[in-house]
Amino acid sequence: MNAKRLFVFLCTILLLTAFRANKPAAVQLQRLRCELLTNPEGIDVTAPRLSWELTGVERGLEQTAYQVLVASTPEKLAADEGDLWNSGKVNSGQSVHVAYAGAPLRSRAQCYWKVRTWTNQGETAWSTPARWSVGLLNYLDWKGRWIGFDRAFAWDKEESHARLSARYFRKEFKTEKPIKQATAYIIGLGLYELYVNGQRVGEQVLAPGPTDYTKGVKYNTYDVTPLLKQGPNALGTVLGNGRFYAMRQNYKPYKIKTFGYPKLLMQLEVTYADGTRDVIKTDDTWQGTADGPIRTNNEYDGEEYDATKEMPGWSTAGFDAKKWGKAELVQEPGGAFEAQMNENMKVMETIKPVSIKPLAGGKYILDMGQNMVGWLRLRTSGPKGQKVTLRFAETLQKSGELYVANLRDARVTDVYTLKGGGRETWEPTFVFRGFRYAEISNWPGAAPTVADFDGRIVYDNIATTGEFTTSDATINQVYKNAYWGIRGNYKGMPIDCPQRNERQPWLGDRTTGAYGESFVFDNARLYAKWLRDIEQAQKADGSIPDVAPAFWRYYGDNVTWPGTYLTIADMLYRQYGDVAPLTRHYDSMKRWLTYMRQNYSENGLVTKDKYGDWCVPPESKELIHSKDPARNTDGVLIASSTYYHLLGLMQGFAKVLDKPQDAQEFATLAADLKTAFNQKFLNKETCQYSNGTVTANLLPLAYGMVPEEDQGKVFQNIADKILVENKGHISTGVIGTQWLMRGLTAHGRPDIALRLATNRDYPSWGYMAANGATTIWELWNGNTADPAMNSQNHVMLLGDLLVWYYENLAGIKSAPRRPASSAWK
């Protein structure tokens, strides 16, 4: 650019800047949220935190003050009467987690609120109103009884592959007066669908959120006012098995929990225009049957639906229920009743298959073009009684048949029995699976086409908040694969995989993963709920399992997997400015750290490790785990360095919560551990730790344990290991990869990180993409390893890759944290 053009360009920029500076900002307040939820019904927080966003902002605009009004009716709010709370003008830039400080809130309270702000560019108008309601805060607020059938029926089979039909319950009632409001509170275990006068309530699926039902059960609240009418009404509920009636009965009972048969507690509270109320509650006046169309539903094995058994009108008034039995009163599950404060799952997207091809024997293979999580919806017509079978898998054999060896003993098969008489549409209700391909057999009539099927993508109803695109095709594909893998494994808790007979919420998979995910998804409520699951899984002595909720009893007492309890709390504080998880879980986290130190300390180190650097690339592409000791990192090094890092997190938590004595205690413990660690593992001559794996050197470097004078040489050992010995390829497993990309960049070698990010040969993320992956594999060699453990949809090997994408490639980082500060202000 010549001097004249440069001068004109700079003048133009200055003029535009001046114009924008003088132009008033069109600032609006939107995305009002209560406990980070939009207009939530039935919360159980009596001092909820309120948040809002300023949109349409210009650079340099800052909030300087706010005022919140909360009213008991919309009319009072419209009149600017905050009879529940008027904060007055508060001189503060806080716009996230502003705690309600008004009149005490009791069960069933209806709260309507709005906010206005002052900025350095003037005052904003009042926001559009938002609302929240309070649920049932006390045990005795629940007026009903638990109902169910605590037994199997003749068509059920109680074996290791459990086959238990859905339970249907109904209740008719009359309303004699005009209705003002009707609210339904429901705990349907394991899963439920609720109907009012034949209409399904809500868009949620696979509700409620999974928990250890002996510790806590989640209830959902719905405003069903528009669904009721004056006169005869009916309620209907279908109960599926979910995690309550476990997928495997009497199979490794020492390991796998089961909680009993499906059961229901519900009440519908109707308020009339004259102020009187009725409560319709579950009791033994309800009717029930298990002889409906859902003949079995099992998350591992699939759902069978017999349309010839449908009961038209069963959830409407006037239905002939003479063949139904009487609902039976059953024991409650034992867990405390808790409002579900995280989003339910939902069908978040519908996609079409890309092809369908015939196989021998009248079978067809449907290709969705993408490894997805959810189910298929089909449309067909044929004779009554014909059974269409759908079987699912992630990959195909060379013959074109499904490859199912990696599913272990999960059968993932749906069967739909036609009722005949015309076009029929069906999709399952109480199952999900991970798949790209479906085998279709016994299809009636002409060959099926892609138009006969829809892929229904199911995960928690959370917003996608981040997008990421570069000029590099490999990075873009890996990011897309990560996006599909992460959202598919959000199932009311973060699970490891969606396809085989596992699907468990392993803690270690999300130690850093949750942090990276927070750039892509609004995952705050999901992970806050998961911390509650971990808390409830903790034993009285302080032990924390590797899987929480503890559907599998894996109390291994290693440091790395349970340590996720602390790193998730830290993520919620870093990324969402949420101090509540620190406050709630501080004592439990401290108790676990004490338990580990008291039981597994030796010579100043913490010794207990169970998994090592899980899933390092093995020396042979046919192996699952490396057998070469030179590739594997010392477990005591992993445990001790991780424990040191966790002590650092606890120091920060103690400072935020104003616990200076605790902070000093953690600092002293960390200093002593650091000394013992370096004496044990650091070779001062070679400046490498232990056997010199990338993970062995990286962890102490990332955690600040390396003496200052040795840091450059320790890092050089890492760089040399990657570039020379590993020929520019990754050699870390789950633990090392959590710090790899940021570690390389922080020490001046982003070029190495970029090389790892863009490699397309083994081992690398790009190798997965180059070999057809559309999600992230469980193993670096997931296309060649033993089928017992080669899930095609895991996220644990992402490590800190997503964090690096956003924080380092894109340069998007939150401000440094300080006590009482809000991240991403």
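Cβ-Cβ distance below 6 Å, separation of 6 or more or different chains: which pairs start in the range 311-332 with a residue that is part of a loop (DSSP other than H, G, I, E, B) and end on one that is aromatic (Phe, Trp, Tyr) and buried (at least 17 other Cβ atoms within 10 Å of the Cβ)? Final answer for the pair search is 313/319; 315/195; 327/169; 327/286; 330/146; 332/146. Please work out if residue 623 is surrounded by fewer than 19 Cβ atoms within 10 Å (Cβ to Cβ) and either among the polar types (S, T, N, Q) or more than 30 Å from residue 525 (Cα to Cα) (or both). Yes: the conditions hold for residue 623.
Being in contact (Cβ under 8 Å) with a residue 60 or more places away in the chain and either surrounded by 22 or more Cβ atoms within 10 Å (Cβ to Cβ) or assigned to a loop (DSSP other than H, G, I, E, B) (or both) is the filter here; which residues of the range 170-185 pass it? Step through it out loud before you land on a result.
Of the range 170-185, the ones in contact (Cβ under 8 Å) with a residue 60 or more places away in the chain are 170-173, 175, 177-185.
Scanning the range 170-185 gives 170, 171, 177, 178, 182, 184, 185.
Are any residues in the range 535-566 touching a Ser or Thr at 6+ places or on another chain (Cβ under 8 Å) and either in a helix (DSSP H, G or I) or not assigned by TED's automatic domain parsing to the domain that holds residue 489 (or both), and if so, which ones? If the condition is that a residue be touching a Ser or Thr at 6+ places or on another chain (Cβ under 8 Å) and either in a helix (DSSP H, G or I) or not assigned by TED's automatic domain parsing to the domain that holds residue 489 (or both), then 535, 536, 564, 565 are the ones that fit. Among residues of the range 97-121 being modelled with pLDDT under 95 and assigned to a loop (DSSP other than H, G, I, E, B), the one that is surrounded by the most Cβ atoms within 10 Å (Cβ to Cβ) is 121.
Number of residues in the range 187-219 that are hydroxyl-bearing (Ser, Thr, Tyr), farther than 13 Å from residue 332 by Cβ and not in a loop (DSSP other than H, G, I, E, B) equals 2. I'd like to know if the range 725-734 contains one or more residues that are closer than 23 Å to residue 645 by Cα, surrounded by fewer than 20 Cβ atoms within 10 Å (Cβ to Cβ), over 31 Å from the mean Cα position of the chain (by Cα) and of a type outside the set (Ser, Thr, Tyr). No, every residue in the range 725-734 fails to be closer than 23 Å to residue 645 by Cα, surrounded by fewer than 20 Cβ atoms within 10 Å (Cβ to Cβ), over 31 Å from the mean Cα position of the chain (by Cα) and of a type outside the set (Ser, Thr, Tyr).
No other residue among 557, 509, 578, 546 is of a type in the set (Asp, Glu), under 15 Å from residue 611 (Cβ atoms) and touching a helix residue (DSSP H, G or I) at 6+ places or on another chain (Cβ under 6 Å) apart from 509. Restricted to the range 290-337, and to residues that are more than 28 Å from residue 414 (Cβ to Cβ) and among the basic types (Lys, Arg), which residue is surrounded by the fewest Cβ atoms within 10 Å (Cβ to Cβ)? Out of the qualifying residues, it is 322.
Table: residues versus (1) assigned by TED's automatic domain parsing to the domain that holds residue 51; (2) of a type in the set (A, V, I, L, M); (3) out of contact with any strand residue (DSSP E or B) (no Cβ under 8 Å at 6 or more places or on another chain).
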position	(1), (2), (3)
71	yes, yes, no
87	yes, no, no
97	yes, no, no
107	yes, no, no
116	yes, no, no
119	yes, no, no
126	yes, no, no
156	no, no, no
166	no, yes, no
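A Cβ distance below 9 Å, combined with a sequence gap of six or more or placement on separate chains, defines the contacts here; from the range 209-220, residues that are of a type in the set (A, V, I, L, M, F, W, C) reach residues that are in a loop (DSSP other than H, G, I, E, B) in the pairs 217/208; 217/211; 217/332; 217/333; 217/334; 217/335. Output yes when any residue across the range 335-349 is in a loop (DSSP other than H, G, I, E, B) and either modelled with pLDDT under 95 or β-branched (Val, Ile, Thr) (or both), and no when none is. No, the range 335-349 has no match at all. State whether the residues of the range 467-474 include one that is closer than 18 Å to residue 348 by Cβ and either more than 12 Å from the chain's Cα centre (by Cα) or not β-branched (Val, Ile, Thr) (or both). Looking for residues that are closer than 18 Å to residue 348 by Cβ and either more than 12 Å from the chain's Cα centre (by Cα) or not β-branched (Val, Ile, Thr) (or both), one finds at least one in the range 467-474, hence yes.
Per the listing 51, 87, the residue uniquely among the small types (Gly, Ala, Ser) and either closer than 29 Å to residue 186 by Cα or at pLDDT below 95 (or both) is 51. Restricting attention to the range 194-225, the residues being within 21 Å of residue 150 (Cβ to Cβ) and among the acidic types (Asp, Glu) number 1.
Each row is one residue, and each column tells you yes or no for (1) buried (at least 19 other Cβ atoms within 10 Å of the Cβ); (2) among the aliphatic types (A, V, I, L, M); (3) modelled with pLDDT of 95 or more.
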site: 418; (1), (2), (3): yes, yes, yes
site: 423; (1), (2), (3): no, no, yes
site: 440; (1), (2), (3): yes, yes, yes
site: 465; (1), (2), (3): no, no, yes
site: 469; (1), (2), (3): no, no, yes
site: 473; (1), (2), (3): no, yes, yes
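The values are calculated or read from the model by the stated rules, or taken from the named source; none is laboratory data. All values reported here derive from a predicted model rather than from experimental measurement. Note: ideal-geometry Cβ built from the backbone for every residue, glycine included; neighbour counts use all protein chains shown.
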